[in-house]
Amino acid sequence: MRTIKDLKEMRAFSERAKNHGKKIGFVPTMGSLHEGHLSLVAAAKRKSDIVVVSIFVNPMQFGPNEDFKHYPRHLRHDINLLKNFEIDALFLPEANKLYPDKFAAAVEVGELSKKMCGKSRPAHFRGVTTVLTKLFNIVVPDLAFFGEKDYQQLIIVRRLVQDLNLPIEIISQPTVRDFDGLALSSRNKLLNVKERRSATILHKALSMAKTEIETGERDVNKILFRMRSLIGSEPTVRLDYIVIAHPETLEDVKAIKGKLLIALAAYVGTTRLIDNLMVDA
Ligand code: PAF
């Protein structure tokens, strides 16, 4: 596994691989890797000739009062995990190289970025799509891998590559969950023991809604009310939003019909977690 910090060196590495007819699979991450990330790396290994993983905690996707400073960082541990996968390159760009003085550009995916998480994190997805555009231009992947836990991000990235004609196939992998259903997230490391226990209410609420829909409930408001009540029973959990939405447009639905996304975000203590489930009504 080669570790590359320099942007030009990363680009040259990819160009050499491409000149040899190799297919590059790319897994962009912010580090503090867990089984969810590793499932993306495993998929990249299966589908590509060359696998590049990046670790970069992207300041542009954090708001002024968010957890950029406290975001978990465990580079040594991450490197050890990646060594088991025999990836080809670990890309560790530096913030002052990706965002030099006078950096002013931004890439934005309009409407989709304003819904769901975009309501309480208005500049978040602009930061995500800007850094991904830069990383895609540097790594030049054929395939890029994203987790379905960050469902809104996945939909926005698909729109990004389509609208900007980027020749990259976006491949998603299912959410990986802990034994009690909690979706794996780097931010779970920020939870104390009590919060970690309370956090399971999020998956319970999503599963309850999914079961209700699968057993015939068709009233969106009743489902949302019962989810809110269940989550409200955990004093350490404060709901940001819940939606039952169209899985492509992310518009709230009025009728329970067809394939639907049930998604939520909530603060557990001070840690913001997201999760979702898909249901077919
Ligand atoms: O999902 C993440 O970890 C980040 O949003 C990403 C895609 C690496 C961009 O910084």
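The values are calculated or read from the model by the stated rules, or taken from the named source; none is laboratory data. Since we're looking at a predicted model, the values are computed, not measured. Methodologically, a virtual Cβ is constructed for each residue, glycine included, from the backbone with ideal geometry; neighbour enumeration extends over all protein chains shown. These area figures cover heavy atoms from the full protein model, side chains too; ligands, DNA and RNA do not enter into them. Shrake-Rupley method; radii C 1.70, N 1.55, O 1.52, S 1.80 Å.
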Charge-dipole axis of segment 1-66 as Lys and Arg at +1 and Asp and Glu at -1 on Cβ define it, positive-most pick from 36, 26, 55: 26
Extension reserve of the residue 204-residue 1 stretch, reckoned as 0.36 nm per residue once the Cα distance is removed: 69.1 nm
Scattering profile of segment 125-281 at q = 0.18 Å⁻¹ [log10 I(q)/I(0), Debye over alpha-carbon scatterers]: -1.11
Partners for residue 22 among aspartates and glutamates (Cα-Cα distance below 13 Å; same-chain residues under 8 apart left out): 49, 88, 142
Candidates 176, 53, 220, ranked by Gaussian network fluctuation over the chain, Cα under 10 Å, top entry: 220
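Give, in nm to one decimal, the length gained when the segment between residue 84 and residue 177 is fully stretched (0.36 nm per residue of separation minus the Cα-Cα distance). Write down the numbers at each step before the final one.
On the way: separation 93, 0.36 × 93 = 33.48 nm, distance 2.11 nm.
Full-extension gain reported as 31.4 nm.
Highest mean first, what order results for 247-258, 263-274 on Cβ atoms within 10 Å?
Details: 247-258: 13.7, 263-274: 20.0.
Going by the mean number of other Cβ atoms within 10 Å, highest first, we get 263-274, 247-258.
To check you understand DSSP bridge types, tell me what percent of the beta bridges within the chain (both residues inside) are antiparallel, rounded to 5. Spell out each step's value before the answer.
On the way: 20 of 39 bridges.
The antiparallel proportion sits near 50 percent.
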Gaussian network model of the chain, Cα within-10 Å springs - most flexible of 69, 102, 119: 102
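Can you give the convex hull volume per residue for the Cα atoms of the chain, as a whole number of Å³?
Values: hull volume 37.5 nm³, N = 281.
Once divided by residue count, the hull of the chain is 134 Å³.
Given 0.36 nm per residue, what is the gain on full extension from residue 192 to residue 108 after removing their alpha carbon distance, in nm? Let's see the in-between values first.
Details: separation 84, 0.36 × 84 = 30.24 nm, distance 3.51 nm.
In short, 26.7 nm is gained.
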Of all accessible heavy-atom area on the chain, the percent that carbon and sulfur account for (1.4 Å): 51
Sequence ranges 163-169, 4-10, ranked by mean other-Cβ count within 10 angstrom, highest first: 4-10, 163-169
Test item: Cα-centred dipole of segment 1-152, Lys/Arg +1 and Asp/Glu -1 on Cβ, debye: 120
Charged-residue dipole, Cβ positions (Lys, Arg, Asp, Glu), the chain about Cα centre, Debye nearest 20: 360
Whole-number accessible area per residue in Å² for the chain, which is evaluated in the context of all protein chains at 1.4 Å: 49
Spin-label pair residue 16/residue 252, simplified geometry with 7 Å Cα→Cβ offset, distance in nm: 5.4
Spacing of the two label points (7 Å from each Cα toward its C-beta) at residue 101 and residue 162, in nm: 4.2
Residue with peak Gaussian network fluctuation, the chain [Cα springs, cutoff 10 Å], from 147, 36, 232: 232
